[in-house]
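Accompanying notes for the structure given below.
No value in this document is a laboratory result; all are computed from the given coordinates. Treat the numbers as computed from the prediction; the structure is a model and nothing was measured. Because the Cβ atoms are built from the backbone with ideal geometry, glycine has one as well, and the counts that use them run over all protein chains shown.
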Protein chains: 2
Amino acid sequence: MFSIGDISRRTGVKVPTIRYYEQLGLITPPQRSSGNQRRYSAGDVKRLAFIKHARELGLPLDAIRELLRLSENPGELCADADRIAAAHLKVIRERIASLQGLERELQRIASGCSAEHVRDCYVLQSLSDHSLCNEEH
Amino acid sequence: MFSIGDISRRTGVKVPTIRYYEQLGLITPPQRSSGNQRRYSAGDVKRLAFIKHARELGLPLDAIRELLRLSENPGELCADADRIAAAHLKVIRERIASLQGLERELQRIASGCSAEHVRDCYVLQSLSDHSLCNEEH
DNA sequence: CCTAATGTCTCTAGTTGCTTGAGGTTCAAG
DNA sequence: CTTGAACCTCAAGCAACTAGAGACATTAGG
């Protein structure tokens with residue numbers, strides 16, 4: 001039996017976040033001590049670690065909810081889990097591509113300013129005037 | 001004199017977002033028609049376009065607020081504007097690097113599953129067991 | 001000039017994934 | 001038995017909007 005602080009240290013998930021996950025229904029309400037404090041089992045720790053790991057990989061909570069649901073039915077086909085992972089990979093790749101566009105543009109703008117005063121600042125001019133840009137965004 | 005819908009179409013910023021920016025003090029409250037509707041000047045359009053462009057580049061609103069303040073004092077040194085742009089570029093690069101780490105890991109996980117059933121699913125196993133990972137995250 | 005359609009007004013609440021705080025109770029060590 | 005840390009609930013705050021309700025304004029067509 002672990003207190004909420006115990007599983008927080010074990011999983012790296014902060015205490016208020018654990019309570020928040022419980023509120024969302026991602027983890028089931030654990031047993032309580034006689035004084036109404038949460039007492040977790042080893043299974044609860046595993047489940048929370050799963051959530052933590054998935055969050056570190058950037059998966060949104062509703063995808064995690066679905067993965068948890070799947071992992072509770074070991075006999076089901078795992079195509080759904082693969083699909084969720086693949087969809088998320090796609091999202092991440094799109095996000096990277098978009099950020100790389102911004103990176104190029106911002107790099108160009110930020111390195112293009114050789115002015116001293118705000119009046120001639122290329123950064124500010126670029127922001128004012130979209131036509132100074134190379135790419136779409 | 002432009003209505004809020006006019007400048008929305010001109011800048012691509014949605015109507016409720018314009019009102020939201022006014023509420024935050026990013027744009028000054030415009031004049032009003034006799035019937036209490038907002039009426040904007042050409043200067044307001046420029047300012048809003050500036051904000052839009054900066055948002056498209058991913059700058060947070062408080063950085064934009066600072067850039068707007070700078071651009072109103074043309075005699076000041078523009079080092080601050082350059083610094084804001086450079087700092088944001090750094091943030092973007094870090095975000096890209098972090099996402100690329102996730103991409104590699106998720107790619108590995110997602111392509112490593114050749115199981116049929118959830119019980120043997122490599123995706124779910126990887127999420128349960130952090131030690132199956134190659135990199136930190 | 002009237003009417004209908006569209007635009008605009010304010011205000012509130014919802015989104016995602018938490019974090020922070022207030023005000024109070026319980027637990028564990030000494 | 002006391003003290004200090006950990007825990008409890010509930011509410012609100014963060015970024016950056018978006019969505020909806022219910023009411024008023026504007027404008028184009030007839």
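Note on B:74-83: average number of Cβ atoms from other chains within 10 Å of each residue's Cβ is 6. What the Cβ-Cβ distance of B:Ala42 and B:Ser128 gives, at R0 = 45 Å and to the nearest 0.05, is a FRET efficiency of 0.15.
Extending 7 Å from Cα along the Cβ direction at B:Arg104 and again at B:Ser34 yields two label points whose distance is 6.9 nm.
For chain A, the dipole from Cβ point charges (+1 on Lys and Arg, -1 on Asp and Glu) about the Cα centre works out to 960 debye, to the nearest 20. Take the residue pairs A:Lys52/B:Lys14; A:Lys52/B:Lys52; A:Lys90/B:Lys90; A:Lys14/B:Lys90 and return only those whose Cα atoms are more than 32 Å apart. Too far apart for the 32 Å limit: A:Lys52/B:Lys14; A:Lys52/B:Lys52. Distances between equivalent label points of B:Gln23 across the copies, with each point positioned 7 Å along Cα→Cβ, amount to 2.1 nm, shortest listed first.
Annotation for B:Gly12, label-to-label distances across the other copies: 3.8 nm (shortest first, one decimal, point 7 Å from Cα along Cα→Cβ). Taking R0 as 41 Å, what FRET efficiency do you get between A:Asp6 and B:Asp80 from their Cβ-Cβ distance, rounded to the nearest 0.05? Here the calculated transfer efficiency is 0.30. Counting beta carbons within 10 Å around each of B:Glu56, B:Glu105 and listing the fewest first gives the order B:Glu56, B:Glu105. How many angstrom lie between the C-alpha centres of the range A:5-84 and the range B:1-78? Each part reduced to its Cα centre gives a spacing of 43 Å.
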